[in-house]
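These notes concern the structure reproduced below.
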Amino acid sequence: MTILGIESSCDETAAAVVVDGHTMLSNAIASSVDLHTVYGGVVPEIAARSHIELIIPVVEEALSSAKKNWDDIDAIAVTRGPGLGGSLLIGVMTARTLAIIKNKPLYGINHVMAHPFASFITGTPLKNYSLPAQQPDYPVLSLIVSGGHTQLVIFKSATDYELLGQTTDDAVGEAFDKVAKIIGLPYPGGPNVSKAALSGDANAIRLPIANTAGEYDFSFSGLKTAVLRATQQLCGKDFTFPSYKLSAMLTEAQKANLAASFEHVAIEALIRKTKKAYETYKPKSVVVAGGVAANRLLREQLERTFPVPVVFPDIKLCTDNAVMIAALAYQMINAGTKPDDPYTLSTDTSLSM
Ligand code: KG4
Ligand code: ZN
């Protein structure tokens, strides 16, 4: 079964062709990230306009680089939520229109739930991908860590799963992005904080790990505020001093120490809850997904912590892509999920699992 996936929930316009949920024939992505950098974050209006311009060329690129035409496509899968309203609408309306005029079954997909399924890709003719030799064994414990989500999910199959816990405030990627802003590193913050942390001392600044009511929940907004207070203190200012003026007063060494101390505690918080879930649910594999899965420290620590295979998608499949959308759709279809109505499939900006 050959599935065309379409993704447009945030600032990436993506389309991909995946065969049987395991072979990636193409992974076309156009990002409007450069357009947002000057604003320090994604501007929804700019993202939506850019999706309108890019979506048809990206779908065509996904088909042509897969060397497929419409006759070869068995189904279309599209992200219907969660995400930015205008952005989701472009992807869903495009997919609905294509499903109607090309007469293909259409499947609306949950973006967050799809992230772990990037790790089910085991083969590709595309160059420069490092893929796992085999698909993860169920039950799969999945840590989904991105700019919008921080969730622990146990999958007994693609359609039989339980959300164990999630962030009660900021997502971990969002905390990376906000800390980057405080210490004056460019957007997107995650990779830049991680890079700055390499030359810093993780023990230089004491930062707290939040307690949460839910056993597997996370909380990162207190940690972000603690970084702000520590930065104000380093600059000899009190809590009333505006955060946007701080970064200019920091030395490179102070920035590195703040980045390293923050990264250390943020990753430790993720490891602790994942370990707790592992001990309770005894999964056969651990899959890490979402943009923060690109984080080097998280990778090292997870691999050290668990005796079962810890699977990370290739870095290029960690961030938003349409391959994961097509990969999850395949498993859902296999499990008996019926297609959606192309005349009525709606978007849902806060779609939950
Ligand atoms: O999954 P993703 O591409 O988009 C969302 O759906 O949110 O994740 C983007 C997030 C951003 O917050 C970015 O700062 C973070 O992933 N990120 C990282 C790293 N690379 C990207 N965070 C920490 N360390 C990294 N190396
Ligand atoms: Zn994502």
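The values are calculated or read from the model by the stated rules, or taken from the named source; none is laboratory data. Just so we're clear, the structure is a prediction, and the values are computed from it rather than from any experiment. Glycine gets a Cβ as well: all are built from the backbone with ideal geometry, and neighbour counts include every protein chain shown.
Residues checked against (1) under 20 Å from P136 (Cα atoms); (2) within 16 Å of ligand 1 (Cβ to nearest atom); (3) crowded, with 18+ Cβ neighbours inside 10 Å:
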site	(1), (2), (3)
E268	no, yes, no
R272	no, no, no
G291	yes, yes, yes
N295	no, yes, yes
L302	yes, yes, yes
P307	yes, no, no
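Looking only at region 166-186, which residues are surrounded by fewer than 21 Cβ atoms within 10 Å (Cβ to Cβ) and either within 8 Å of ligand 1 (Cβ to nearest atom) or assigned to a strand (DSSP E or B) (or both)?
Once the filter is applied, which keeps residues that are surrounded by fewer than 21 Cβ atoms within 10 Å (Cβ to Cβ) and either within 8 Å of ligand 1 (Cβ to nearest atom) or assigned to a strand (DSSP E or B) (or both), region 166-186 yields only Q166.
Only one of F241, F262 is surrounded by 21 or more Cβ atoms within 10 Å (Cβ to Cβ), of a type outside the set (V, I, T) and either over 20 Å from the mean Cα position of the chain (by Cα) or not in a loop (DSSP other than H, G, I, E, B) (or both). Can you tell me which?
Exactly one of F241, F262 is surrounded by 21 or more Cβ atoms within 10 Å (Cβ to Cβ), of a type outside the set (V, I, T) and either over 20 Å from the mean Cα position of the chain (by Cα) or not in a loop (DSSP other than H, G, I, E, B) (or both), namely F262.
Which one of G214, G200, G236 is over 16 Å from A269 (Cα atoms), in contact (Cβ under 8 Å) with a residue 24 or more places away in the chain and part of a loop (DSSP other than H, G, I, E, B)?
On inspection, the qualifying residue turns out to be G200.
For residues that are hydrophobic (A, V, I, L, M, F, W, C) and at pLDDT below 95, scanning just region 205-233, find the one that is surrounded by the fewest Cβ atoms within 10 Å (Cβ to Cβ).
Here the residue is A213.
Does S50 meet the test of being of a type in the set (S, T, Y), part of a helix (DSSP H, G or I) and within 17 Å of the chain's Cα centre (by Cα)?
Here the answer is no, as S50 does not meet what is asked.
Just to verify a result, which residue in region 131-165, among those that are assigned to a strand (DSSP E or B) and among the hydroxyl-bearing types (S, T, Y), is surrounded by the fewest Cβ atoms within 10 Å (Cβ to Cβ)?
For region 131-165, the residue satisfying everything is Y161.
Residue by residue, here is whether (1) outside the structural domain of V92 (by TED's automatic domain parsing); (2) within 16 Å of ligand 2 (Cβ to nearest atom) holds:
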site	(1), (2)
T124	no, no
D137	yes, no
V140	yes, no
T168	yes, no
A171	yes, yes
